[in-house]
Amino acid sequence: MKIILFDIDGTLIKAGGAGARALNHAVQAMTGHPEACRSVQLQGATDKANFENAFKAGAGRKPTSGEMTSLTKKYVNRLPVEVLASVKAKKYCKVKGIEKFLVKLSGRKDVLVGLGTGNLKEGAFIKLEPSGLMKHFAFGGYGCDSHHRSVVLQKAVGRAARLAKVKIKDNEVFVIGDTHRDVEAAKEAGYHSGAVMDGFGDERLLMRSNPELMAKNFADLTPWLIWLGLEKDPRGVKRGTYICPDSPIEHAHYGRTGLDLRDIELGMKELRKAKRKITGQP
Ligand SMILES: [Mg+2]
């Protein structure tokens with residue numbers, strides 16, 4: 001069984017800033033600060049962490065747990081209004097090719113598709129509503145599960161295991177996101193990582209986080225399906241844009257930038273030099 005976990009913002013959809021506006025609204029109602037999110041890096045973090053940071057930006061101190069509950073309630077109440085405003089302003093969109101991809105994955109019996117998102121569960125459902133994509137997701141890990149994305153992903157996998165009544169190995173889990181934080185969380189949990197560049201991620205940070213697969217979006221599904229091991233690559237793995245998921249060494253050698261290969265070669269040179277020094281052999 002393969003488990004595929006999708007991030008929401010920038011990976012499935014772009015909600016036109018609805019989340020930030022709803023959070024600004026909630027923080028303003030509690031602290032009077034109108035633009036608290038301006039100084040907070042929201043992308044790739046969990047809602048819980050974002051709420052805390054936005055409150056801190058507004059009030060100049062950490063929220064109490066009661067204030068966090070109240071802030072969350074205000075955010076969730078405001079979010080539908082802001083999502084609708086984005087839809088009306090034509091600022092709400094799906095990431096290219098995602099629907100085709102999800103339909104393809106949903107048709108398979110050896111795949112379970114879920115959410116792995118920093119959004120609160122309610123927030124996730126509200127944000128996805130206009131996209132019509134929610135029907136493809138049977139389970140998920142959410143921002144309300146933990147501050148840490150890797151724990152969010154592990155929660156999702158636990159739910160998938162209970163749902164399918166099977167044991168799931170780490171190398172059967174594939175995480176797809178749009179920021180380096182998605183990639184880092186996947187790696188921390190021991191899962192495969194793939195990234196879309198059309199989302200909100202910083203391309204340089206994304207490159208540095210070194211996901212197994214990077215693609216602009218889902219317009220061309222072939223690299224995604226090969227990465228997931230659902231289609232065979234007729235030309236082998238030495239393509240440089242994607243890799244065989246079970247061979248991290250090949251990834252290092254045939255990764256997207258080629259920089260990995262140079263790093264490894266330089267490292268090997270140093271290692272050989274040090275070995276020669278120690279053993280005295282030429
Ligand atoms: Mg995202």
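Give the stretch 43-53 a look and list any residue that's hydrophobic (A, V, I, L, M, F, W, C) and in contact with a Phe, Trp or Tyr (Cβ under 9 Å, 6 or more places away or on another chain), or say none.
PHE51, the sole residue that qualifies.
What are the pairs with Cβ atoms under 6 angstrom where one residue, in the stretch 61-76, is aliphatic (A, V, I, L, M) and the other, located anywhere, is surrounded by fewer than 19 Cβ atoms within 10 Å (Cβ to Cβ)? Sequence gap at least six, or different chains.
VAL76/GLU122
Going by what's in this entry, would LEU105 be described as within 21 Å of GLY143 (Cβ to Cβ), away from the ligand (no atom under 16 Å from the Cβ), at pLDDT 95 or above and surrounded by 14 or more Cβ atoms within 10 Å (Cβ to Cβ)?
no
Any residue at all in the stretch 226-243 that is at pLDDT 90 or above, under 16 Å from PHE6 (Cα atoms) and within 16 Å of the ligand (Cβ to nearest atom)?
no
Could you count how many residues in the stretch 159-179 are assigned to a helix (DSSP H, G or I) and either without any contact (Cβ under 8 Å) to a residue 24 or more places away in the chain or within 16 Å of the ligand (Cβ to nearest atom) (or both)?
Qualifying residue count, the stretch 159-179: 3.
Going through the stretch 18-54 one residue at a time, which ones are within 13 Å of the ligand (Cβ to nearest atom) and either more than 21 Å from the chain's Cα centre (by Cα) or in contact (Cβ under 8 Å) with a residue 24 or more places away in the chain (or both)?
GLY19, GLN43, GLY44, ALA45, THR46, ASP47, ASN50
Would you check which residues across the stretch 181-214 are of a type in the set (A, V, I, L, M) and either at positive phi or within 15 Å of the ligand (Cβ to nearest atom) (or both) and list them?
VAL183, ALA185, ALA186, ALA195, VAL196, MET197, LEU205, LEU206, MET214
Going through LYS96, LYS100, LYS73 one at a time, which residue ends up being within 17 Å of the chain's Cα centre (by Cα) and surrounded by fewer than 17 Cβ atoms within 10 Å (Cβ to Cβ)?
On inspection, the qualifying residue turns out to be LYS96.
Within the stretch 1-17, track down each residue that is touching a Pro at 6+ places or on another chain (Cβ under 9 Å) and away from the ligand (no atom under 11 Å from the Cβ).
Result: no residue meets the conditions.
Identify the single condition in (1) away from the ligand (no atom under 16 Å from the Cβ); (2) at pLDDT 95 or above that ARG256 does not satisfy, given that it satisfies every other one.
(2)
The values are calculated or read from the model by the stated rules, or taken from the named source; none is laboratory data. Quantities reported herein were computed from a predicted structural model and do not represent experimental measurements. Cβ coordinates were reconstructed from backbone atoms using ideal geometry, including for glycine residues, and neighbour counts include every protein chain displayed.
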